[in-house]
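The values are calculated or read from the model by the stated rules, or taken from the named source; none is laboratory data. Everything numeric here is computed off the predicted structure, so don't read it as measured data. With ideal geometry, Cβ positions are generated from the backbone for all residues, glycine too; neighbour counts draw on all protein chains shown. Surface areas here come from the heavy atoms of the whole protein model, side chains and all, with no ligands, DNA or RNA. Shrake-Rupley method; radii C 1.70, N 1.55, O 1.52, S 1.80 Å.
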Amino acid sequence: MPIVLKTSPLLWTRLAALAFACVAFSMTVHGARLPRGTGDFCIFCWAFSFAGTLLVILVELFNLQTRVPVSWKNFPITFACYAALLCLSASILFPLYYLRGSASQNEVQNFRIVSTVFSCLATIAYMSEVSLTKARPGEVAGYMATAPGLLKVIETFVACIIFVFISDPVIYDRHDSVKYCMSVYCICFILSAIIILLCIGECTGFLPFPFARFLSAYALLAVILYLVATIIWPIFNFDPRHGGQTQRPYNCSSTQGLCVWDKAMAVAVLTGVNFILYLADLIYSTRLVFVSA
């Protein structure tokens, strides 16, 4: 089996991301001495990113792009975008939970600092990979390399974070209106994930309707649903007339991590973020329909 080694900025960027992610989780496993919980998630982020990047490099090294059962125009950039978001999350959560408020310098602390630094470097490397592989104006590329495709990745990732905050503890069963918000998060996440899988599996041609028009119709639906959720969630979680609290409770200061009020506020902010993302998605998808026409 021939080995194809073509040096390029993209290859060096992937090798850098591979090395940074490897150092981040190796240092953490070796000497950071983390309790179970958030530390496990951070290790997963780095290990998953490392394994996926290694797979991408090996496939291109042995020239196996045509033999893998996925679209190679869509898979590498989709993975790089998810890896960038995962490493970014780990770069925020890891120091927040394991470096904040610790002024002492010891061996364990040094390992944690090194892991944080290399996590940030891995994030930069993956962002650089996305920048190098995204579609340029007038360039023929896979859908996931375009702005709407990358927005789909970010939308699903934001929805996953919402699911974490909204389900531990469960804070969507207080009112029927809040349950509506949960249904919005689920419906839009599932549809966006299906679109990503269709593109990676090159199955969009089997749809009984034009894919571009479906994207526009879905983006419009998602904008409407998220607009309503952006309004409803704060009303039924922070308005005293509906049993909410406008001010952060005093007991939240003594709670390790985020309290229920903090998580409700985080969901409100992330709902607004996803609304903006879907609005941008709608604009790009509409332009895509007009260009196709």
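Residue 106 passes every criterion in (1) over 22 Å from the mean Cα position of the chain (by Cα); (2) touching a residue at least 12 places away in the same chain (Cβ under 8 Å) apart from (2).
When residue 192 is tested against (1) surrounded by fewer than 20 Cβ atoms within 10 Å (Cβ to Cβ); (2) in a helix (DSSP H, G or I), exactly one condition is not met: (1).
Every residue, every condition in (1) in contact (Cβ under 8 Å) with a residue 40 or more places away in the chain; (2) open to solvent by 30 Å² or more (accessible area, probe 1.4 Å); (3) under 28 Å from residue 202 (Cβ atoms); (4) within 16 Å of the chain's Cα centre (by Cα), yes or no:
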{"position": "81", "(1), (2), (3), (4)": "yes, no, yes, yes"}
{"position": "87", "(1), (2), (3), (4)": "yes, no, yes, yes"}
{"position": "113", "(1), (2), (3), (4)": "no, yes, no, no"}
{"position": "133", "(1), (2), (3), (4)": "yes, yes, yes, no"}
{"position": "146", "(1), (2), (3), (4)": "yes, yes, yes, no"}
{"position": "156", "(1), (2), (3), (4)": "yes, no, yes, yes"}
{"position": "167", "(1), (2), (3), (4)": "no, yes, no, no"}
{"position": "173", "(1), (2), (3), (4)": "no, yes, no, no"}
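Quick one: which of 78, 133, 66 is modelled with pLDDT under 90, of a type in the set (S, T, N, Q) and either touching a helix residue (DSSP H, G or I) at 6+ places or on another chain (Cβ under 9 Å) or farther than 21 Å from residue 192 by Cβ (or both)?
Values: 78 fails: modelled with pLDDT under 90; 133 fails: modelled with pLDDT under 90.
It is 66.
Return the only residue of 29, 56 being over 20 Å from residue 93 (Cβ atoms) and among the hydrophobic types (A, V, I, L, M, F, W, C). Answer to the selection: 56.
Residues in the stretch 175-189 that are loosely packed, with under 15 Cβ neighbours inside 10 Å and either more than 23 Å from the chain's Cα centre (by Cα) or in a loop (DSSP other than H, G, I, E, B) (or both): 176, 179.
So, of the residues in the stretch 110-127 that are aliphatic (A, V, I, L, M) and touching a helix residue (DSSP H, G or I) at 6+ places or on another chain (Cβ under 6 Å), which turns out to be modelled with the lowest pLDDT? Steps first, please.
The initial filter retains those residues of the stretch 110-127 that are aliphatic (A, V, I, L, M), namely 113-114, 117, 121-122, 124-125, 127.
With touching a helix residue (DSSP H, G or I) at 6+ places or on another chain (Cβ under 6 Å) added as a condition, the list becomes 114, 121-122, 125, 127.
Values: 114: 90, 121: 97, 122: 97, 125: 97, 127: 97.
Result: 114.
From 31, 39, 52, grab the single residue that is of a type outside the set (S, T, N, Q) and modelled with pLDDT of 95 or more.
On the way: 31 fails: modelled with pLDDT of 95 or more; 39 fails: modelled with pLDDT of 95 or more.
Answer to the check: 52.
Looking at 197, 151, just one residue is modelled with pLDDT of 85 or more and open to solvent by 50 Å² or more (accessible area, probe 1.4 Å), and that residue is 197.
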